[in-house]
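K.L.:
Quick one: the structure is below, questions incoming.
The values are calculated or read from the model by the stated rules, or taken from the named source; none is laboratory data. Since the model is a prediction, treat every value here as computed from it, not as a measurement. So basically every Cβ, Gly included, is an ideal-geometry build from the backbone, and we count neighbours across all protein chains shown.
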Amino acid sequence: MNTKTVGIVGLGKLGLPLALVLCKAGIEVRGIDASIKRVNEIKVGRAFPEPQVDKYLVKYGNLLEVSTEYNILNDAPVVFIDVQTPSTKSGKFDITLVESAVQKIHKVNSEAVIVVSSTINVGDMDRLREIHEKICYNPEFTAQGKIIKDFESPKFVLIGACRRGDGKQVASIWKKVHNKPIYVVEPIEAEIIKLSLNFSYSLGIVFANMIGELCEKFSADSSKVLDIIYEDRRDYKKGLGFMGPCFPRDVNCFKAISLENYIGSGHRFSDLLNELNNYTVERYLCKIKSLSRKKIGIIGVAYKPNVPYVNESQPLEIAEQLLSDGYEIFIYDPLAQENAKQALSSDKVYFCSTIKECLEKAEVIFIGTANYSNIKTKKPVVNPWI
């Protein structure tokens, strides 16, 4: 797909660098900003604080046309929106300016593919699509001080496209800028990825500071400690919480040491981890009970696949809770069966010799360990692993 002209609405801290990066790639850019002052500053090449912006403006600015009038976008096949979305009192983003830009673009160019680059809330794309059907979400992953560098050499580009063809058209623009990976996903997935990535970075900062406080107390080198910890980062998938003979004990030991040594972040963080881990059990109990059946099959009760151990097993905890609430439980886990029998003492728990037996006797199936996550049955299934 050949896109020689691109529009950009919003020529602020992110929009102007984006425009100049596209100009460098040989694309003619028509930029809109509501502020006549901003437009004039760009026209006269005012000194901008972001690195490389002034240099790019001199070198590639001949391909950039700027205005406050939307009619210059009337034949642009793709138009990016990079306006502000300030936080409201609730913490959500106010997308009033994004909505306004979508409406104005639609009025002058109903055939354009509109690309929202501003940070928005999870679910906002559905609302924006009601205004303009050909719309994508292409969030930016940039940092002040190296915005142009991040645009030209990102780890990846993320595009949430309602229509696959629109996503490919946006991807074709980025392919002129770099050869980094481009992921085209559903808009809701892109919205979740954008918000969650920054959430995970925030979590990482809190974790690093907590380890730093621990290291201070014991005169350890926090940089050395963290660098080695980061050598073993694990990409977990969704499922049940942390279980087994190691993780729960280590979290509680971390809490105890933190309490003894007045490490406030350590014991608070440990409490939060345990609270969220316990919430996982509560969440799946609610899912099971919502199905209003009294015979529950649990396939896999070990703390992880292919082991006989049930230390801190959440499937086993779920079985215990259901039994105390008057449910009948049918369990299949040939390796962990003997250990589970010792942990569960009730005349309403039955251990099945085959998966088929468990599926036949139960009314609802709960998948306790990930190795059984592909089991097929017409009965209701609660599966944490998919």
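K.L.:
Six or more apart or on different chains, Cβ under 8 Å: which pairs go from a residue in the stretch 96-124 that's not assigned by TED's automatic domain parsing to the domain that holds Ile32 to one that's buried (at least 16 other Cβ atoms within 10 Å of the Cβ) and among the hydrophobic types (A, V, I, L, M, F, W, C)? Could you list them?
P.N.:
Between residues of the stretch 96-124 that are not assigned by TED's automatic domain parsing to the domain that holds Ile32 and residues that are buried (at least 16 other Cβ atoms within 10 Å of the Cβ) and among the hydrophobic types (A, V, I, L, M, F, W, C), there is no close pair.
K.L.:
Could you check Arg164 against (1) within 16 Å of Val115 (Cβ to Cβ); (2) at pLDDT 95 or above; (3) surrounded by fewer than 21 Cβ atoms within 10 Å (Cβ to Cβ) and say which number it fails?
P.N.:
(2)
K.L.:
Just give me the residues in the stretch 159-213 being part of a helix (DSSP H, G or I) and either on the phi > 0 side of the Ramachandran plot or among the aromatic types (Phe, Trp, Tyr) (or both), in sequence order.
P.N.:
To start, the set of residues in the stretch 159-213 that are part of a helix (DSSP H, G or I) comprises 164-174, 187-213.
Scanning the stretch 159-213 gives Trp174, Phe199, Tyr201, Phe207.
K.L.:
Of everything in the stretch 99-137 that's polar (S, T, N, Q), more than 25 Å from the chain's Cα centre (by Cα) and farther than 19 Å from Gln169 by Cβ, which residue is surrounded by the fewest Cβ atoms within 10 Å (Cβ to Cβ)? First the steps, then the outcome.
P.N.:
If we filter the stretch 99-137 for residues that are polar (S, T, N, Q), which is where we start, we get 100, 103, 109-110, 117-119, 121.
Okay, now just the ones that are also more than 25 Å from the chain's Cα centre (by Cα), so 100, 103, 109-110.
Keeping just the survivors that are farther than 19 Å from Gln169 by Cβ gives 100, 103.
Details: Ser100: 15, Gln103: 13.
Here the residue is Gln103.
K.L.:
Right, something else. So Phe254 passes all but one of these: (1) touching a Phe, Trp or Tyr at 6+ places or on another chain (Cβ under 7 Å); (2) aromatic (Phe, Trp, Tyr); (3) in a helix (DSSP H, G or I). Which condition number does it fail?
P.N.:
So the condition that Phe254 fails would be (1).
K.L.:
Moving to a separate point now. Please identify the pairs in which a residue from the stretch 354-373 that is within 21 Å of Arg283 (Cα to Cα) and without any contact (Cβ under 8 Å) to a residue 24 or more places away in the chain has its Cβ atom under 7 Å from the Cβ atom of a residue that is part of a strand (DSSP E or B) and of a type outside the set (Lys, Arg), counting only partners at least 6 apart or on another chain.
P.N.:
Short answer, once both residue conditions are applied: Ser373/Ile367.
K.L.:
Just the residues that are among the charged types (D, E, K, R), at pLDDT 95 or above and within 14 Å of Val78 (Cα to Cα), please, taken from the stretch 1-38.
P.N.:
Hits for the stretch 1-38 are Glu28, Arg30.
Let's see how each residue does on (1) in contact with a Leu (Cβ under 9 Å, 6 or more places away or on another chain); (2) surrounded by fewer than 17 Cβ atoms within 10 Å (Cβ to Cβ):
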site	(1), (2)
Ala220	yes, yes
Lys224	no, yes
Lys238	no, yes
Ser258	yes, no
Gly300	no, no
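K.L.:
On the basis of being more than 21 Å from Val98 (Cα to Cα) and not β-branched (Val, Ile, Thr), does Gly167 make the cut?
P.N.:
Working: more than 21 Å from Val98 (Cα to Cα): no; not β-branched (Val, Ile, Thr): yes.
No; evaluated as a whole, the condition is false for this residue.
K.L.:
Restricting attention to the stretch 241-254, does a residue exist that is surrounded by 17 or more Cβ atoms within 10 Å (Cβ to Cβ), of a type in the set (A, V, I, L, M) and closer than 25 Å to Ala362 by Cβ?
P.N.:
Yes; the residues of the stretch 241-254 include at least one that is surrounded by 17 or more Cβ atoms within 10 Å (Cβ to Cβ), of a type in the set (A, V, I, L, M) and closer than 25 Å to Ala362 by Cβ.
K.L.:
Residues that are at positive phi and either surrounded by 18 or more Cβ atoms within 10 Å (Cβ to Cβ) or not assigned by TED's automatic domain parsing to the domain that holds Lys175 (or both): does the stretch 10-31 have at least one? Even if it seems obvious, please write down each step before you answer.
P.N.:
Quick first cut of the stretch 10-31, residues at positive phi only: 10, 26.
Okay, now just the ones that are also either surrounded by 18 or more Cβ atoms within 10 Å (Cβ to Cβ) or not assigned by TED's automatic domain parsing to the domain that holds Lys175 (or both), so 10.
Yes, that holds for at least one residue.
K.L.:
Is the stretch 284-296 home to any residue that is in contact (Cβ under 8 Å) with a residue 12 or more places away in the chain, outside any strand (DSSP E or B) and more than 24 Å from Lys379 (Cα to Cα)?
P.N.:
no
K.L.:
Condition first: modelled with pLDDT of 95 or more and not in a loop (DSSP other than H, G, I, E, B). Now tell me which residues in the stretch 44-53 satisfy that.
P.N.:
Hit for the stretch 44-53 is Val53, nothing else.
K.L.:
Can you go through Leu276, Leu272 and tell me which one is closer than 30 Å to Gly212 by Cα and in contact with a Gly (Cβ under 8 Å, 6 or more places away or on another chain)? Break it down into steps so the answer makes sense when it comes.
P.N.:
Working: Leu272 fails: in contact with a Gly (Cβ under 8 Å, 6 or more places away or on another chain).
Of the residues listed, the single one that is closer than 30 Å to Gly212 by Cα and in contact with a Gly (Cβ under 8 Å, 6 or more places away or on another chain) is Leu276.
K.L.:
Go through the stretch 308-347 and give me each residue that's in a loop (DSSP other than H, G, I, E, B), exposed (fewer than 15 other Cβ atoms within 10 Å of the Cβ) and not hydroxyl-bearing (Ser, Thr, Tyr). Spell out how you get there, then give the answer.
P.N.:
The first filter runs over the stretch 308-347 and keeps only residues in a loop (DSSP other than H, G, I, E, B), leaving 308-313, 325-327, 333-336, 344-347.
Next cut, exposed (fewer than 15 other Cβ atoms within 10 Å of the Cβ) only: 308, 325-326, 334, 345-347.
Result: Pro308, Asp325, Gly326, Pro334, Asp347.
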